[in-house]
Amino acid sequence: MKRALRSNFPRGSYLWAVRRAHYRALGIAEADMEKPKIAVVNSSSELAACFSHLDDVAAEVKAAVRAAGALPFECRTAAPSDFITGAGHAGGYILSARDLIPNDIEVQVEGAQLDGMVLLASCDKTVPGQLMAAARLNIPSIVVACGYQASGSRGGRHVDIEDVFLHSMHVATGRMGIEELAGEADVAIRGPGVCSGMGTANSMHIVAEALGMALPGSTPVAAMSARMLELARAAGRRIVAMVEEDLKPRQILSRGAFQNAAMAVLAVGGSINTVKHLQAVALEAGLKLDVYKLFERFAARVPVLAGVRPVGEESIEAFEAAGGARAVLKQLEPLISGKALTVTGRSVAQNLKGYRVENPEVIRPMSRPVAKKPALVILRGSLAPQGSIVKIGISPTKARRFAGRAICFSSSDQAIEALKRNRIRAGHVVVVRGLGVTGSPGMGGASRIVFALDGAGLGDKVAVITDGQLSGLVNKGLVVGEVSPEAAAGGPLALVVDGDAIAIDVERRRVDLRVAAAELARRRKRLKPHPRREERGWLGIYRRNVAPLPKGAVLTEGN
C-alpha cells in the first residue's frame, strides 16, 4: 500500500503508542499494524431472523480483507426489525433507528480513523442508515446485501411473513382463526435474511446497487447462498483496492446515481419507503436534490418492468435468476445515467457493456412492460401540499380514484376498535393522523388498520389517508401514506373533521380536502397543539431534532 493512510500515526506519538498497546493485546502482528484498517459494519442480532446470519457473513468478509492485505475490524450497530423492535412505543423505534445507525458508525469508524468500510446490509433500515454513514464520512465504502429469507408453504399455498402480518389483522376482525394464523407463522420464515417480497429491504438492496454502492449483480440474493457468500468475499477484496484508489462515496453518489436509483425503484414497483430514505442519503451526501420530485418526474417515463410479489406474481427467486438489479438497469439503459461511477471504479455503462438479461419475461424491456402506469405515485393537493405517497400496484382493476367522507382517528388501535364496532362503513375515507415523525415520534405504522379493513371486507370500499408509515410490501385498497406536513406539525390533516369531503385522484396526482378556505381558517384558530407523550432517551432526542419528511426525516435540524 503506497498511499498514506489516516489510520497510521507518527511513530513515537501518543496515538501510535496507545494504539500499538491495544493491537498487541488483540494479537495483531507487527507486520500488520501499518496495513489499511477496514471496518466491517455488522448489525448482527439474535432478536430477529433478518440479522441472525450476519456474524457468519462478517467472518467471510474479514477473511477476504486479510487475504487482500488489509486489517479488518468488526463494528456493531443497532439492528431494527419492524416485526420485533416495532413492538415498543407504537413502532417509534423503527424509522428512528435508521438515524441511530449512522451515528453508531460515525462514533466507531470516524473516532478510530479507519480507512474504509464494508457495510453488511440486511433489514430495511440498516441499508439507508449505512448509506447515510458512507455519505457522511466519505471514506471508501461498499455495501454487501446479506440476502432474503426462504419462505414456506401451507396447504399448497405460498406463505411468507407479510401473509402473517396481513392475516393477523384478519384474525382481529374474525375472518381467520388463531390456529390457522399460528400454522402460517410456523412456516413463513425458513431461514435467515430479509422479507422475501419486493418490500423495503429488497427494494433498498436494489437501491444500493443502482446507486453504484454495491457490486454489479449482487442484489437481490438468497441469504447464505454460495453466490451471496462469494459476493461478500468479493466486496472484502474490492474494499482494499478502493482504499488504495481513494474511491469515495461522494464520487459515486452523484445526481445521476440518484436518478438511476429512483428509476430502478419505479421499474420494480418498489417500496414506498425508498423515497424518504433516498432523500436522507442525498442530504448526507451534500446534494441539493429533491428526491420526491425525481420520482414525480420519472413516473411518467419509467414503466413497471418486473412484477415481484406482492406487486405481481413473480417470486424474488425468479427475479434474482433473471438478473436482478443489473438486469433492471440494463432494460433501463436508454434512460439511466450511464456515466455515473460505481464501486468497481467503472461507470454504470461500462459495467453493463455486453451484459444480457437472463430472462426478459421476468424482467421485461421497456417496449413491453408489466404495466405502463407507475405502481408508486407521489400525490400533492390541499391535503398534502408537501407531498404524500401511494403504492397503487399494477392491477388494471384497482381503483385510482375515490371520493368520500372522512372518519378520523389518532391511532391504528383506535381505528381498529371503531371497525369492530361497525363505525367504519363503505364510502368512508379513514384518516389516521398524529403518526408522523414528530407526532409518534418516529413515524408510527398505519398498515394494521389497512389490513384490518381488508379482513373486514372493506379493503376496496374505503380509502385510507395517514401521515404514518406503511408497509413496504403491500397495501390493500387505496391508501395514501406519509402525508406532509404531518398533523402534529399543523398540516392540513390536523384540520379534518368527521364528515369532511375528501377526493383522491391518482391519475391527476392529487389528494384534496373539499372544505371552504374560510372554514379551515376558523378551524386553524381553534386548533390545539398535538398532544405529546413525554419521551425520554432516544425517542426524546429524535423528536427534538428530526427534520420533516421532505427533508428526509434526518437529524440535522430541529422541527
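The values are calculated or read from the model by the stated rules, or taken from the named source; none is laboratory data. Note that the structure is a prediction, hence the values are computed from the model and not measured. In this analysis, Cβ positions are derived from the backbone assuming ideal geometry, glycine residues included, and neighbour counts consider all displayed protein chains. Just the protein is used for accessible areas: all its heavy atoms, side chains included, with ligands, DNA and RNA removed. Shrake-Rupley method; radii C 1.70, N 1.55, O 1.52, S 1.80 Å.
In table form, for the structure just shown:
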| read-out | value |
| --- | --- |
| Condition broken by Arg175, with the remaining ones in (1) farther than 17 Å from Pro80 by Cα; (2) of a type outside the set (A, V, I, L, M); (3) out of contact with any Lys or Arg (no Cβ under 9 Å at 6 or more places or on another chain); (4) part of a helix (DSSP H, G or I) satisfied | (4) |
| The one condition in (1) in a loop (DSSP other than H, G, I, E, B); (2) at positive phi that Glu482 fails to fulfil | (1) |
| Close pairs from the stretch 129-148: first closer than 15 Å to Ala234 by Cβ, partner of a type in the set (Phe, Trp, Tyr) and at pLDDT 95 or above, Cβ under 9 Å, at least 6 apart | Cys146/Phe51 |
| In the stretch 152-167, the residues that are closer than 12 Å to Pro310 by Cβ and either open to solvent by 50 Å² or more (accessible area, probe 1.4 Å) or at pLDDT 95 or above (or both) | His158 |
| Filter result (hydroxyl-bearing (Ser, Thr, Tyr) and farther than 25 Å from Ser196 by Cβ) within the stretch 274-323 | Tyr292 |
| One residue from Gly442, Gly427, Gly404, Gly457 being of a type in the set (Gly, Ala, Ser) and buried (at least 21 other Cβ atoms within 10 Å of the Cβ) | Gly442 |
| Conditions (1) touching a Pro at 6+ places or on another chain (Cβ under 9 Å); (2) of a type in the set (Asp, Glu); (3) within 26 Å of Ser203 (Cβ to Cβ): number failed by Glu535 | (3) |
| Qualifying residue in the stretch 3-23 (condition: hydrophobic (A, V, I, L, M, F, W, C), at pLDDT below 95 and closer than 26 Å to Pro140 by Cβ) | yes |
| Unique residue being modelled with pLDDT under 95, farther than 16 Å from Leu211 by Cα and either among the hydroxyl-bearing types (Ser, Thr, Tyr) or open to solvent by 40 Å² or more (accessible area, probe 1.4 Å) (or both) when the list is Arg368, Arg356, Arg309, Arg364 | Arg309 |
| Given (1) polar (S, T, N, Q); (2) within 26 Å of Val450 (Cβ to Cβ); (3) surrounded by fewer than 24 Cβ atoms within 10 Å (Cβ to Cβ), number of the condition Gln251 does not satisfy | (2) |
| Search result, residues across the stretch 15-35 that are touching a Leu at 6+ places or on another chain (Cβ under 7 Å) and assigned to a helix (DSSP H, G or I) | Asp32 |
| Hey, Val480 within 25 Å of the chain's Cα centre (by Cα) and closer than 19 Å to Gln414 by Cβ or not | yes |
| Single condition Trp538 does not satisfy, out of (1) outside any loop (DSSP other than H, G, I, E, B); (2) touching a strand residue (DSSP E or B) at 6+ places or on another chain (Cβ under 7 Å) | (2) |
| Positions within the stretch 219-248 being part of a loop (DSSP other than H, G, I, E, B) and either open to solvent by 10 Å² or more (accessible area, probe 1.4 Å) or hydrophobic (A, V, I, L, M, F, W, C) (or both), in sequence order | Val221, Ala223, Met224, Ser225, Asp246, Leu247, Lys248 |
| Subset of the stretch 492-519 [more than 28 Å from Gly269 (Cα to Cα) and buried (at least 17 other Cβ atoms within 10 Å of the Cβ)] | Pro492, Ala494, Leu495, Val496, Asp500, Val515 |
| Residue tally, condition open to solvent by less than 80 Å² (accessible area, probe 1.4 Å) and either in contact (Cβ under 8 Å) with a residue 24 or more places away in the chain or of a type in the set (Gly, Ala, Ser) (or both), over the stretch 536-559 | 16 |
| Test: Arg533 is over 26 Å from the mean Cα position of the chain (by Cα) and either assigned to a helix (DSSP H, G or I) or surrounded by fewer than 22 Cβ atoms within 10 Å (Cβ to Cβ) (or both) | yes |
| Test set (1) free of Cβ contacts under 8 Å to residues at least 12 places away in the same chain; (2) over 25 Å from Val18 (Cβ atoms); (3) more than 23 Å from the chain's Cα centre (by Cα) - Gly111 fails condition number | (2) |
| Selected residue (criterion: surrounded by the fewest Cβ atoms within 10 Å (Cβ to Cβ)) from residues of the stretch 266-306 that are more than 15 Å from the chain's Cα centre (by Cα) and basic (Lys, Arg) | Lys288 |
| Single unsatisfied condition, Gln414 versus (1) under 30 Å from Gly537 (Cα atoms); (2) open to solvent by less than 10 Å² (accessible area, probe 1.4 Å) | (2) |
| Those residues of the stretch 123-151 which are under 20 Å from Pro192 (Cβ atoms), more than 18 Å from the chain's Cα centre (by Cα) and either open to solvent by less than 10 Å² (accessible area, probe 1.4 Å) or of a type in the set (S, T, N, Q) (or both), in sequence order | Ser151 |
| When residues of the stretch 62-93 are limited to those that are in a helix (DSSP H, G or I) and within 20 Å of Gln149 (Cα to Cα), the one least open to solvent (accessible area, probe 1.4 Å) | Thr85 |
| Residue that is farthest from Pro492 (Cα to Cα), among those in the stretch 382-400 that are open to solvent by 10 Å² or more (accessible area, probe 1.4 Å) and at pLDDT 95 or above | Gln386 |
| Selection status of Pro102, crowded, with 20+ Cβ neighbours inside 10 Å and within 16 Å of the chain's Cα centre (by Cα) | yes |
